[in-house]
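Asks: A single structure is presented below for examination.
The values are calculated or read from the model by the stated rules, or taken from the named source; none is laboratory data. Since the model is a prediction, treat every value here as computed from it, not as a measurement. Cβ placement follows ideal geometry from the backbone for every residue including glycine, while neighbour counts extend to all protein chains displayed.
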2 protein chains.
Amino acid sequence: MDEDILYHLDLGTKTHNLPAMFGDIKFVCVGGSPNRMKAFAQFMHKELGLEGDSKDMKDICAGTDRYCMYKVGPVLSISHGMGVPSISIMLHELIKLLHHAKCCDVTIIRIGTSGGLDMIFLQPPPWKSSNINMTTHSQLESNSVLNMGIEPGSVVITDIAVNSFFKPQFEQVILDNVVIRSTELDQDLADELLECSRHIKNFPTLVGHTMCTYDFYEGQGRLDGALCSFSNEKKLEYLKRAHNAGVRNIEMESTVFAAMCRLCGLKAAVVCVTLLDRLEGDQITASHEVLAEYQQRPQQLIAMLIKKRLGLWYPREM
Amino acid sequence: MDEDILYHLDLGTKTHNLPAMFGDIKFVCVGGSPNRMKAFAQFMHKELGLEGDSKDMKDICAGTDRYCMYKVGPVLSISHGMGVPSISIMLHELIKLLHHAKCCDVTIIRIGTSGGLDMIFLQPPPWKSSNINMTTHSQLESNSVLNMGIEPGSVVITDIAVNSFFKPQFEQVILDNVVIRSTELDQDLADELLECSRHIKNFPTLVGHTMCTYDFYEGQGRLDGALCSFSNEKKLEYLKRAHNAGVRNIEMESTVFAAMCRLCGLKAAVVCVTLLDRLEGDQITASHEVLAEYQQRPQQLIAMLIKKRLGLWYPREM
């Protein structure tokens with residue numbers, strides 16, 4: 001193509017010097033909420049010790065209200081809205097942007113929010129505490145501490161994204177054919193993130209499957225939508241089957257994110273905080289302050305990974 | 001439920017007096033872009049001759065960045081982001097809001113943007129003009145003026161929303177069951193909108209099927225995404241089949257919008273402007289100014305319908 005207009009980012013190969021603007025990008029962090037991704041950029045500005053006032057940070061996609069984008073040294077922070085179609089538009093245009101900018105060795109991480117299944121069918125033990133510093137699901141099982149409850153606010157690092165039927169695949173409709181794509185994520189990156197989490201105090205973290213649905217209400221078994229045709233028993237039976245299949249949290253973007261990044265050779269991870277325990281209910285009732293604190297947790301973890309990669313932090317220092 | 005928290009709207013039954021805030025709503029207009037829905041609210045403020053400065057209009061959902069919402073007399077204007085999952089979250093919470101506020105006889109209209117199939121395989125006749133004031137698809141055929149090209153910027157009123165396989169249905173995953181829902185829209189409302197369009201000069205409008213996809217690139221047969229596995233010939237063959245099935249434009253929200261509104265007893269319409277002709281290409285190359293003018297067209301039409309319904313405008317006056 002003579003010109004490539006990245007319409008939803010309001011960028012283009014003729015209107016912008018993409019290699020000059022983005023050529024040094026090594027980390028891309030994506031998340032649903034524009035405000036959260038701006039906050040993450042400001043947080044990274046501080047963490048990387050960059051000069052200037054992070055409050056003046058400019059939205060690179062200011063010409064459109066579809067997404068927002070901030071650049072902080074080698075880190076790009078982008079919002080993607082809610083759901084598979086919304087994130088897929090952004091990913092197509094982001095991946096083209098990275099290509100046009102001749103970026104290489106890029107790591108991409110989704111930092112999101114989710115509903116947790118951690119506590120489901122687990123009885124809280126007498127020593128239950130939110131200070132427990134985490135282990136993987138398989139470690140939990142082998143250590144026979146399966147009933148060690150994990151509070152909302154815990155962070156799930158996705159090993160594999162699964163669909164509503166617990167299958168590790170994404171169905172992409174191409175013209176009118178359905179093509180099945182793998183939703184595996186980078187295992188080394190997940191391990192590195194889990195290792196980083198051990199160095200943060202009071203930071204419950206686990207590795208598990210993340211279920212991606214097309215709907216927040218009926219698709220996630222919520223009883224409180226405008227439409228609901230199933231009972232509480234059916235809901236719990238479904239969530240139990242999900243838990244048995246290894247699902248530890250539920251969100252709405254991970255399958256297409258994993259599939260597209262994999263196909264395009266980007267090392268990708270998904271790190272989501274859980275805002276509630278779906279066994280306890282469907283509504284998100286925690287206060288704004290508590291939710292805001294929860295949402296900083298994946299940001300903290302990613303900042304640590306980026307600083308480690310850039311040689312600004314060494315695990316042995318802890 | 002004792003309390004209902006409409007999380008993504010940042011509203012709730014205990015924190016807000018929903019009947020007082022929303023009880024008089026008769027028209028709900030939804031669209032993807034927050035800026036466009038704010039502009040629509042300001043436009044309606046002027047059209048309804050309301051007092052006060054529309055620039056001071058307050059976003060009712062200011063506490064969240066997921067959606068924005070403005071109220072102008074009996075009209076509610078809300079953004080829904082991009083894609084089926086994003087609009088479905090908003091619709092669940094909007095429909096609960098209308099229920100809690102005890103609203104009745106509400107008409108809901110999606111005003112969106114889309115890719116057009118109007119001109120595909122139609123030869124422009126010598127008398128081709130963008131001033132042609134519209135007819136329905138069936139009228140076009142019966143009048144043997146099928147090759148009367150319609151420019152980008154034309155407005156499509158949806159008679160029925162169809163999926164990527166041209167079927168008039170929406171597949172809702174509930175727990176792990178797939179439930180098929182009808183995507184018919186209110187026919188009388190579509191006719192009323194078409195009638196209104198005849199009273200606006202230089203306003204090419206037609207009624208046709210709208211295809212709703214889960215993806216802007218591969219799912220709509222675009223050759224310019226980060227991933228593309230098909231040829232230009234395959235793309236054109238698919239778009240031709242869509243056209244033959246009655247599809248006149250392609251967007252990303254209409255099936256779930258039609259299905260949910262129908263099930264919840266809301267009279268619903270979809271009115272989208274076409275930003276480009278998909279026969280001519282995949283990229284949206286028109287200038288910001290031209291695109292902005294196009295996007296005002298559905299707003300103009302809806303304003304006319306609302307003024308007619310409120311007795312502020314009579315067709316015979318034209």
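Asks: Sort out which residues of the stretch A:163-221 are hydrophobic (A, V, I, L, M, F, W, C), within 9 Å of another protein chain (Cβ to nearest Cβ) and within 15 Å of A:ALA242 (Cβ to Cβ), and write them in order of number.
Replies: A:PHE165, A:PHE166 - these are the residues of the stretch A:163-221 that are hydrophobic (A, V, I, L, M, F, W, C), within 9 Å of another protein chain (Cβ to nearest Cβ) and within 15 Å of A:ALA242 (Cβ to Cβ).
Asks: I've got another one for you. Exactly one of these conditions fails for B:ASN249: (1) outside any helix (DSSP H, G or I); (2) under 20 Å from B:LYS26 (Cα atoms). Give me its number.
Replies: Condition not satisfied by B:ASN249: (2).
Asks: For the stretch A:58-114, name all the residues that are part of a helix (DSSP H, G or I) and within 30 Å of A:GLY153 (Cβ to Cβ). First the steps, then the outcome.
Replies: First pass over the stretch A:58-114, keeping only residues part of a helix (DSSP H, G or I): A:84-100.
Residues satisfying the conditions are A:VAL84, A:PRO85, A:SER86, A:ILE87, A:SER88, A:MET90, A:LEU91, A:LEU94.
Asks: What pairs come out if I take residues in the stretch B:4-15 that are more than 10 Å from every other protein chain (Cβ to nearest Cβ) and pair them with residues that are assigned to a helix (DSSP H, G or I) and at pLDDT below 95 whose C-beta lies under 6 Å away, six or more apart or interchain?
Replies: Here the result reads none, with nothing in the stretch B:4-15 linked to a residue that is assigned to a helix (DSSP H, G or I) and at pLDDT below 95.
Asks: For residues in the stretch B:241-251 being within 11 Å of chain A (Cβ to nearest Cβ) and among the small types (Gly, Ala, Ser), which is nearest to B:GLN187 (Cα to Cα)?
Replies: B:ALA245
Asks: Could you please let me know if A:LYS26 is basic (Lys, Arg), free of Cβ contacts under 8 Å to residues at least 60 places away in the same chain and more than 8 Å from every other protein chain (Cβ to nearest Cβ)?
Replies: On the way: basic (Lys, Arg): yes; free of Cβ contacts under 8 Å to residues at least 60 places away in the same chain: no; more than 8 Å from every other protein chain (Cβ to nearest Cβ): yes.
When the stated conditions are applied, A:LYS26 does not pass them.
Asks: Is the stretch A:82-89 home to any residue that is more than 10 Å from chain B (Cβ to nearest Cβ) and out of contact with any Cys (no Cβ under 9 Å at 6 or more places or on another chain)?
Replies: Within the stretch A:82-89, the subset more than 10 Å from chain B (Cβ to nearest Cβ) is none.
No - not one qualifying residue is present in the stretch A:82-89.
Asks: Can you spot a residue in the stretch A:224-234 that is away from every other protein chain (no Cβ under 14 Å) and part of a helix (DSSP H, G or I)? Let's see the steps before the verdict.
Replies: So in the stretch A:224-234, the residues away from every other protein chain (no Cβ under 14 Å) come out as none.
Checking the stretch A:224-234: not a single residue is away from every other protein chain (no Cβ under 14 Å) and part of a helix (DSSP H, G or I).
Asks: Let me ask something additional. Given the condition crowded, with 19+ Cβ neighbours inside 10 Å, touching a Gly at 6+ places or on another chain (Cβ under 8 Å), closer than 18 Å to B:LEU266 by Cβ and in contact (Cβ under 8 Å) with a residue 60 or more places away in the chain, answer yes or no: does some residue in the stretch B:166-182 qualify?
Replies: Within the stretch B:166-182 (the criterion being crowded, with 19+ Cβ neighbours inside 10 Å, touching a Gly at 6+ places or on another chain (Cβ under 8 Å), closer than 18 Å to B:LEU266 by Cβ and in contact (Cβ under 8 Å) with a residue 60 or more places away in the chain), the answer is yes, since at least one residue qualifies.
Asks: Turning to a different aspect of this structure: (1) touching a helix residue (DSSP H, G or I) at 6+ places or on another chain (Cβ under 7 Å); (2) at the interface with another protein chain (Cβ under 8 Å from one of its Cβ atoms); (3) part of a helix (DSSP H, G or I); (4) not basic (Lys, Arg): which one isn't true of A:TYR238, the others all being true?
Replies: (1)
Asks: Of the conditions (1) over 29 Å from A:LEU291 (Cβ atoms); (2) part of a helix (DSSP H, G or I); (3) without any contact (Cβ under 8 Å) to a residue 40 or more places away in the chain; (4) of a type in the set (A, V, I, L, M), B:ALA20 fails just one. Which one is it?
Replies: Here B:ALA20 meets the rest and fails (1).
Asks: In the set A:PHE216, A:PHE203, which member is aromatic (Phe, Trp, Tyr) and modelled with pLDDT under 95? Step through it out loud before you land on a result.
Replies: Working: A:PHE216 fails: modelled with pLDDT under 95.
Of A:PHE216, A:PHE203, the one residue that is aromatic (Phe, Trp, Tyr) and modelled with pLDDT under 95 is A:PHE203.
Asks: Give A:SER254, A:SER287 a once-over and let me know the one that is in contact (Cβ under 8 Å) with a residue 60 or more places away in the chain, within 13 Å of another protein chain (Cβ to nearest Cβ) and of a type in the set (Ser, Thr, Tyr).
Replies: Values: A:SER287 fails: in contact (Cβ under 8 Å) with a residue 60 or more places away in the chain.
Only one candidate passes the filter, namely A:SER254.
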